[in-house]
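Everything on this sheet refers to the single structure shown next.
The values are calculated or read from the model by the stated rules, or taken from the named source; none is laboratory data. A quick note: this is a predicted structure, and the numbers were derived from the prediction, not measured. Note: ideal-geometry Cβ built from the backbone for every residue, glycine included; neighbour counts use all protein chains shown.
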Amino acid sequence: MFCVTAQNIVVDDSYTSKNLIENILINSSCVSVSNFSATGDKFPVGQNSYGYFNNNGGSFPFKEGVVLSTWGAKNSVGPFVFFRGDGNDSTWTGDSDINQALGISSVNATVLEFDFTPLTTFLSFDYIFASNEYHDESPCLYSDGFVFLIKEKGSTTNYQNIAQIPGTTTAVTTMNLHPTTPLGTCPAINTNYYNGNNTITSPINYSGQSVVMNAQTTVIAGKTYHIKLVIADDKNQYFDSAVFIKAGTFIPKIDLGPDRLTTNNPICYGESILLDTKLPASYSYKWFKDGSNIPIPNESNSTYSATDSGTYTVEVVYTPSTCSATGKIKLEFTPEILLSNTSLSQCDPDGDGISQFDLTTVDNIIRNNNTSLSQVVYYESLSDAQANTNSIVNPRAYINKTPNPILFARVTNTYKCVNYAQLKLINVSNYIPIQNPITTCDGDTIQDGLYQFDLNKQVTPQLLSGLPNGLIVNYYLTENDALFQNNSLPTIFKNTIPYQQNIYVRIANGPNCFGITSITLKVNTFDPPNFQDETISICDGFSATLTVAPNYSSYLWNTGAVTNSIITSTAGNYSVIVTGVNGCTKTKKFFVPISGIATITGATINDFTGNNNSVFIQYTGFGNYEFSLDSLNYQDSPLFSGIAPGLYYATARDKNGCGISTPYSVYVLDYPRFFTPNGDNFNDEWKIKNLDLFPKSTIIIYDRFGKILKELNSIYPSWNGIYNGKELPSDDYWFTIKLDNGKTIKGHFSLKR
C-alpha cells in the first residue's frame, strides 16, 4: 500500500515504441531486443494511448516508466475526476490475443510488442493496474484487463500470460481484483492486492488501482521470444483502464528458485541443496552468503551446493558481453532430529531366543522425549526404513524371527524430514529364586478364604530381595499376560480363588524385561464358635467375669491381661483378641454397664380428664428399668395412660435383677360426669373421690347462669342436688375446684332425675 498526494504524474505520448522499450523498459546489455511495435488509439490526431510517465517528484510509487491505456495516455494524469472524458473512438478495436487470454470481448486495445533474446534464464517486471471501472457495480459486469504475453518467436502455440494474481493462475482484471461493490452485487475478491479507491488527491486519473504487482517467468538463455503487452476494455469503450510499468524492471534475472523457509518447505538437516543458475559454465560466477562482500572461497561455478541456513547471492558476468546479473535465495535448514539408539529386553521363559516385544515402550527413548516428532515406525532393515516400505505392522506385538536382532526406527519431524535409529532386541532368561508363599488372614466378616493383598507392601519386598536396584514389579493372573504385559493386576488385589492362588510377576528394568516368576498367595481363615459380642451387666457394688474359651494360642485384653478371662466391677467396653494356631486373630467385645436400684422422685399427673388421665413416673438411677403402678404389671415406659381415679404405688424394677425401688404414692383424681339423686341409694350424691387427701381444697357448684348453689370441702365433700331445701331439676351444672396444691379445675356434670 502507498499514500498519494496532490503531486500528479506527467505523461509524454510522443515516444516511439523503440524508445519506450530500449531506453525506458529494458535499458540493459543483458537483453537483445528488436522488431518493435506499438498500436492503439490515434484520435485525436497527434495523441497516443501509450507513452512515457514520470511521477514528477510525487508519491506515485514508480519514479518513471511506460503507461499503456484504453484512452489517450495523457488522460492518465491526475487528479482523479469521475467521468472526465473517455475512449470514445468507436473505430478503435480490441485484440484477439487478450480475448483468448481473458475470455472477454475487448475494445480499445493498446499493444506494445517486441522480440526479446535474454542472456539469463529469468525475467520479471513490476507494474500497477488501474481502472475507472472501479465504481458502482462495474466490476461485476466488465472485466477490463492487462496481459503480459510471451512465447518463443515463430511458435504456433498460444501465448503464456504471466500477469497474474500472485500465487494463482488468475489474470489481472477488474472482475478478478476489486473490493465489495456498493450494492454488494458481487463480493470482494483478492482485496489484499487492491490499493483502494482514489480521490481528487490521486496523482493518476483512475478511480482505483492495484498494489505494485510483479510478473515473472523462466526463459532459456539465448532463445528469442516474442513479448506482447496488451491493455483493453471489456465490451464497451467507456470507463477506461491503464497499466503503469516501472522503468528498468523489465530485465532478466538469475532465478535460483523460491526461498526455502521454515514456514515454506525448508531443507532437512544434513541434506544439501544445489543452487543452479542454469547458465553456461563459460560465464564468470561469484557466490556470496548473508550479505558479505567477500565471495565464498573456491566457488566460481554455475552451481553451488548449500549445506546450511543463510541468504545466498550469485553474481554472473556474461562473457564476452559486459552484461551482469544477480540472483538471490534465502535458505533455512531444519534443526537436527536427535534420536537415540537403544535396546529392549524381553523375557524368554523357554529359552528359544524368540519372544514377543512391545516396541512402542521405547518410542520416547528413541525420540528423546521430543513430543513434536512423529510416531516411531519400525523396520527389519535399514533399506526398508529408508524406502519407507515393509514397516512392522503391529509394533506392540512383534515376534522376532532371529535371536537378538537389530531393528531400525524411522522418525519424521513436522517438516517431513527423517532420521533413523537402531533398536536391538535382547532375549533374557534371568534366574529368579523360588518364592515363599505370601500368607494373610481373612479379615472379612465372612470367612470365605478371599481377602485383599497389598502386593507392593506384602510381596514386592520379598521378590526384589537380592536383585539389582531400580527394578519395577507388575503382577498378572497368567504367565502369558505377564510376558505380553496384558491386564496387569491392581496393587491392592483380592484373590479370586479361595484360600490359595498363584499369580505371576514380571520384573522389569525400565522398558526391559528382567524376569518372570510366580508366587503363591494364601488366605487363612479363623472363625471361633460362640464369638459374638456380649453385653454383661453388673449390679452396683458387685463384679462380673468376662471369659472366652481356653483353647486358643494367645489372648490379649484391652486391659493388658493375657488370660482367657478377667474379672471387673467397673462399667466400660472391653475386648479380647484371641490368636488361633495359624496366627490369625479374632476380636470379641464385651459391653459392661452397671445397674442399680432406681429412686422415684415424683410423678407428673394429668387427671380430671376421664379416659385421658395419665401418670408419668419421674426417677433417677443408672440401670435399665421397667415400671409399674401396682407392683405386679411392669412396662418399659414410665408413662401410664388411661388411668382410672384412685391411689397407686409406683415402683421401678431393674431389668438386670439389681432390685426394685421404694414405692411412691400417686393419686389420680376425677369427677363424676353425672349423678341421679332419686333415693335409690345408688349414685345419689355428686362427690370427688379421695378429695379428703387434699384437705384444703374447695369446690364451688353453680348453675348455667353462674349462681352459686353449693360449696364443698373435705368436711362437706358431697352434694345431693338440693338448694335451699328444694330439689333442683335435671340439668347441666358447673363447678370450679381449687386444690391445695394451687391447681384449679373447671368442668360441668349432669343431674338426672
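Odds and ends about this structure:
- Which listed residue, of 701, 660, is surrounded by 15 or more Cβ atoms within 10 Å (Cβ to Cβ), touching a Lys or Arg at 6+ places or on another chain (Cβ under 7 Å) and assigned by the TED database to the domain that holds residue 630: 660
- In region 353-368, the residues that are among the hydrophobic types (A, V, I, L, M, F, W, C) and either outside any strand (DSSP E or B) or in contact with a helix residue (DSSP H, G or I) (Cβ under 6 Å, 6 or more places away or on another chain) (or both): 354, 359, 362, 365, 366
- Here 349, 335 are screened, and the one residue that is under 30 Å from residue 427 (Cα atoms) and either in contact (Cβ under 8 Å) with a residue 12 or more places away in the chain or among the hydroxyl-bearing types (Ser, Thr, Tyr) (or both) is 349.
- Hey, residue 149 in the same structural domain as residue 72 (by the TED database), of a type in the set (A, V, I, L, M) and more than 16 Å from residue 241 (Cβ to Cβ) or not: yes
- Options 192, 214, 236; residue that is surrounded by fewer than 19 Cβ atoms within 10 Å (Cβ to Cβ) and closer than 23 Å to residue 99 by Cβ: 236
- Which numbered condition residue 419 misses (of (1) under 44 Å from the mean Cα position of the chain (by Cα); (2) at pLDDT below 95; (3) under 30 Å from residue 404 (Cα atoms)): (2)
- Restricting region 35-76 to residues that are assigned to a loop (DSSP other than H, G, I, E, B), of a type outside the set (Ser, Thr, Tyr) and under 60 Å from the mean Cα position of the chain (by Cα) leaves a set whose member that is surrounded by the most Cβ atoms within 10 Å (Cβ to Cβ) is 60.
- Failed item in (1) in contact with a strand residue (DSSP E or B) (Cβ under 6 Å, 6 or more places away or on another chain); (2) farther than 14 Å from residue 326 by Cα; (3) in a loop (DSSP other than H, G, I, E, B), with residue 280 passing the rest: (1)
Let's see how each residue does on (1) touching a Gly at 6+ places or on another chain (Cβ under 7 Å); (2) at pLDDT below 95:
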{"residue": "2", "(1), (2)": "no, yes"}
{"residue": "5", "(1), (2)": "yes, yes"}
{"residue": "25", "(1), (2)": "no, yes"}
{"residue": "58", "(1), (2)": "no, yes"}
{"residue": "64", "(1), (2)": "no, no"}
{"residue": "78", "(1), (2)": "no, yes"}
{"residue": "97", "(1), (2)": "no, no"}
{"residue": "113", "(1), (2)": "no, no"}
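- Screening region 477-576 for strands (runs of 3 or more DSSP E) wholly inside it with 3 or more residues that are touching a residue at least 12 places away in the same chain (Cβ under 8 Å) and in contact with a helix residue (DSSP H, G or I) (Cβ under 7 Å, 6 or more places away or on another chain) returns the ranges 500-509.
- Single condition residue 532 does not satisfy, out of (1) exposed (fewer than 14 other Cβ atoms within 10 Å of the Cβ); (2) at positive phi; (3) at pLDDT below 95: (2)
- Exactly one residue among 602, 583 is modelled with pLDDT under 95 and part of a strand (DSSP E or B), and that residue is 602.
- Subset of region 217-233 that is hydrophobic (A, V, I, L, M, F, W, C) and within 25 Å of residue 75 (Cα to Cα) - its residue that is surrounded by the fewest Cβ atoms within 10 Å (Cβ to Cβ): 229
- The strands (runs of 3 or more DSSP E) falling completely within region 103-154 that include 1 or more residues that are under 52 Å from the mean Cα position of the chain (by Cα) map to 122-131, 145-152.
- Residue tally, condition in contact (Cβ under 8 Å) with a residue 40 or more places away in the chain, assigned to a loop (DSSP other than H, G, I, E, B) and polar (S, T, N, Q), over region 162-185: 3
- Scope region 314-349; condition surrounded by fewer than 20 Cβ atoms within 10 Å (Cβ to Cβ), in a strand (DSSP E or B), at pLDDT 90 or above and of a type in the set (Ser, Thr, Tyr); matching residues: 342, 343
- Residue match in region 404-411 (condition: under 30 Å from residue 312 (Cβ atoms) and touching a residue at least 40 places away in the same chain (Cβ under 8 Å)): yes
- The one condition in (1) part of a loop (DSSP other than H, G, I, E, B); (2) more than 30 Å from residue 9 (Cβ to Cβ) that residue 248 fails to fulfil: (2)
- Looking across region 722-753 at every residue that is basic (Lys, Arg), surrounded by 12 or more Cβ atoms within 10 Å (Cβ to Cβ) and assigned to a loop (DSSP other than H, G, I, E, B), the one that is nearest to the chain's Cα centre (by Cα) is identified as 743.
Matching residues to (1) of a type in the set (Phe, Trp, Tyr); (2) part of a helix (DSSP H, G or I); (3) out of contact with any Lys or Arg (no Cβ under 9 Å at 6 or more places or on another chain):
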| position | (1), (2), (3) |
| --- | --- |
| 351 | no, no, yes |
| 370 | no, no, yes |
| 386 | no, yes, no |
| 392 | no, no, yes |
| 402 | no, no, yes |
| 407 | no, no, no |
| 416 | no, no, yes |
| 420 | yes, no, no |
| 427 | no, no, yes |
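- Of all residues in region 18-27, those satisfying the criterion of being of a type outside the set (Asp, Glu) and surrounded by fewer than 20 Cβ atoms within 10 Å (Cβ to Cβ) are 18, 19, 23, 27.
For every residue, the table says whether it meets (1) out of contact with any Leu (no Cβ under 8 Å at 6 or more places or on another chain); (2) among the charged types (D, E, K, R).
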position	(1), (2)
239	yes, no
258	yes, no
273	no, no
276	no, yes
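- Residue match in region 473-489 (condition: among the polar types (S, T, N, Q), farther than 30 Å from residue 338 by Cα and crowded, with 18+ Cβ neighbours inside 10 Å): no
- Filter result for residue 608 (crowded, with 18+ Cβ neighbours inside 10 Å and hydrophobic (A, V, I, L, M, F, W, C)): yes
- Of all the listed residues (32, 14), the sole one being at negative phi, surrounded by 13 or more Cβ atoms within 10 Å (Cβ to Cβ) and not hydrophobic (A, V, I, L, M, F, W, C) is 32.
Per-residue answers, yes or no, for (1) surrounded by 12 or more Cβ atoms within 10 Å (Cβ to Cβ); (2) more than 25 Å from the chain's Cα centre (by Cα); (3) within 17 Å of residue 512 (Cβ to Cβ); (4) not assigned by the TED database to the domain that holds residue 347:
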position: 366; (1), (2), (3), (4): yes, yes, yes, no
position: 373; (1), (2), (3), (4): yes, no, no, no
position: 384; (1), (2), (3), (4): yes, yes, no, no
position: 389; (1), (2), (3), (4): no, yes, no, no
position: 393; (1), (2), (3), (4): no, yes, no, no
position: 396; (1), (2), (3), (4): yes, yes, yes, no
position: 401; (1), (2), (3), (4): no, yes, no, no
